[in-house]
Amino acid sequence: MTLEILICTIDEGINSVADMMLPQTPGFRYLVSWQLTGKVASMVPAELRRPDVRVFTLQGKGLSRNRNNALRNASGDICLIADDDLVLLPDGLRAVVTTFEQNPELDFATFRYDSESDSKTYPDHEFDLHSFPKNYFITSFEIAFRRTSVQGRLWFDEHFGLGAPVLGAGEESVWVHDALAMGMQARFFPITIVTHNHPTTGIRCATNPAVVMANGAYLYIAKRHDHMLLRALLMAWRVSRKGDTSLPKALNWVMKGIDYAKSLPRPARPAQP
């Protein structure tokens, strides 16, 4: 069973990809989806010209578009979503493969990452993702999936994520929601697979309007039949507690996200590459 690490990068970020890759290892390979915005020459670094690495380019911006380009071209049995600033842990990656070998019913799974800059905490036990414990949330590079379960069936919603026109986060939350709504089997495993020593967008930009609106839009998609307005008020209150944003302003951003989500086609289909 092969594990393919799907690394998304943009412009000069391609130069950091080689630093995160492991030496050539049987059973591991890499797909690099390289987004080009016209700011750099489209020359693949020599360090990436390895037999275990494939590089696909994509014009324009939008992290979800980049993720979808990686999904479209993936070929591994198991795929792990990745960014270009991770430290891959060999034992953790082997554990991902073992997890899917020992759980043939799994369509996707989530794991843990370590960080010196994020204060993210995890449950200490395995659980079914159809029943989230309180205060648990998923980061994109914690997700691994069985390619045949996902490819051609499930996409990242390109209205969400860095570089999207309005909503600057939330793509992984919507992806997980859509996967579970399709009936996919999924579990969390308390296994650390990578290290990420920079705050994620959701943490670093928690009071950014584009992130708050993204959270509001996700709230509409996932919770509109479950006390959504009360949840919106609680979400706005939490945002107002994190910085100098007033509660009315935060609530306005949340409601704008909800209104925007009402206009979106669901489920989303990817744009043509």
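Considering only protein heavy atoms and a probe of 1.4 Å, how much of the accessible area of the chain is carbon and sulfur, as a whole percent?
52
Multiplying the residue separation of Trp237 and Asn15 by 0.36 nm and subtracting their alpha-carbon distance yields 75.9 nm.
Sorting 140-153, 70-83 by their mean Cβ neighbour count within 10 Å, with the most densely packed peptide first, gives 70-83, 140-153.
Electrostatic tally near Gly152: other residues with Cβ closer than 15 Å to its Cβ, Lys and Arg +1, Asp and Glu -1, net +4. Here's how it looks for Ile5: its modeled amide H is under 5 Å from those of Arg29, Tyr30, Leu31, Leu80, which are all 5 or more places away or on a different chain. Note on the chain: helix-only mean residue ellipticity at 222 nm, from DSSP H runs of 4+ residues weighted -39500 (n - 2.57) and normalised by residue number, equals -10500 deg cm²/dmol. Report the paramagnetic label zone for Thr2: residues of region 140-167 whose backbone N is under 19 Å from a point 7 Å from Cα along the Cα-to-Cβ axis. What the label zone holds, given the 19 Å backbone N cut-off, is 144-152. Put the Cα centre of region 1-70 next to the Cα centre of region 217-273 and the gap is 32 Å. The residues of region 114-273 expose on average 51 square angstrom of accessible surface per residue, using a 1.4 Å probe on protein heavy atoms.
Just how large is the dipole of region 22-78 about the Cα centre, in debye to the nearest 20, putting +1 at every Lys and Arg Cβ and -1 at every Asp and Glu Cβ?
Computed about the Cα centre, the dipole is about 240 debye.
Is the C-alpha gyration tensor of region 204-267 telling us rounded, prolate or oblate? Criteria: a/c under 1.5 is rounded; beyond that, a/b larger than b/c is prolate, otherwise oblate.
Numbers: a/c = 2.24, a/b = 1.58, b/c = 1.42.
Since a/c reaches 1.5 and a/b is larger than b/c, the shape of region 204-267 is classed as prolate.
For region 1-135, the Kirkwood radius over C-alpha pairs fed into Stokes-Einstein at 37 °C and 0.692 mPa s yields D = 202 µm² per second. Of interest is the spacing of the C-alpha centroids, which for region 170-190 and region 75-95 amounts to 18 Å.
Between amide H atoms placed 1.01 Å from N, distances below 5 Å from Ala164 occur with Leu63, all of them 5 or more places distant or on a separate chain. With 23 Å as the limit, the listed pairs Lys120/Lys242; Lys39/Lys120; Lys223/Lys262; Lys134/Lys242; Lys39/Lys61 have Lys39/Lys120 beyond it between alpha carbons.
Tell me the angle of helix 63-73 to the major Cα principal axis of the chain, expressed in degrees between 0 and 90 and rounded to the nearest ten. Approximately 40 degrees, to the nearest ten. A simple count of charges around Ala164, restricted to other residues whose Cβ falls under 10 Å of its Cβ and scoring Lys, Arg +1 and Asp, Glu -1, yields -1. Using the Cβ-Cβ distance between Glu105 and Leu229 with R0 = 30 Å, the FRET efficiency computed as 1/(1 + (r/R0)^6) comes to roughly 0.20.
Think of each Lys and Arg Cβ as +1 and each Asp and Glu Cβ as -1; about the Cα centre, that makes the dipole of the chain roughly 960 debye.
Spin-label model, Ala46 to Arg153: label points 7 Å out along the Cα-to-beta-carbon direction sit 4.4 nm apart. The Kirkwood hydrodynamic radius of region 60-125, based on inverse pair distances between different Cα atoms, is 14.3 Å. Farthest toward the dipole's positive end in the chain, which of Ile10, Leu247, Val211, given Cβ charges of +1 (Lys, Arg) and -1 (Asp, Glu) about the Cα centre? Projecting each Cα onto the dipole axis, the largest value belongs to Leu247. Panel note: the C-alpha atoms of region 81-197, placed on their principal axes, show extents of 38, 34, 28 Å (largest first). Across region 144-273, counting alpha-carbon atoms alone, Rg and Dmax equal 15.6, 46 Å.
I need the peptides 175-186, 123-134 ranked by packing, meaning the mean over residues of other C-beta atoms within 10 angstrom, with the highest value on top.
175-186, 123-134
Distances between every pair of Cα atoms in region 1-56, grouped in 10 Å steps from 0 to the bin holding the largest one, split as 23, 57, 17, 3 percent.
Considering the chain, its Cα convex hull presents a mean projected area of 14.2 nm².
The values are calculated or read from the model by the stated rules, or taken from the named source; none is laboratory data. Predicted, not measured: the structure shown is a model, and the values here were computed from it. Note: ideal-geometry Cβ built from the backbone for every residue, glycine included; neighbour counts use all protein chains shown. SASA here: full protein model, heavy atoms, side chains in, ligands and nucleic acids out. Shrake-Rupley method; radii C 1.70, N 1.55, O 1.52, S 1.80 Å.
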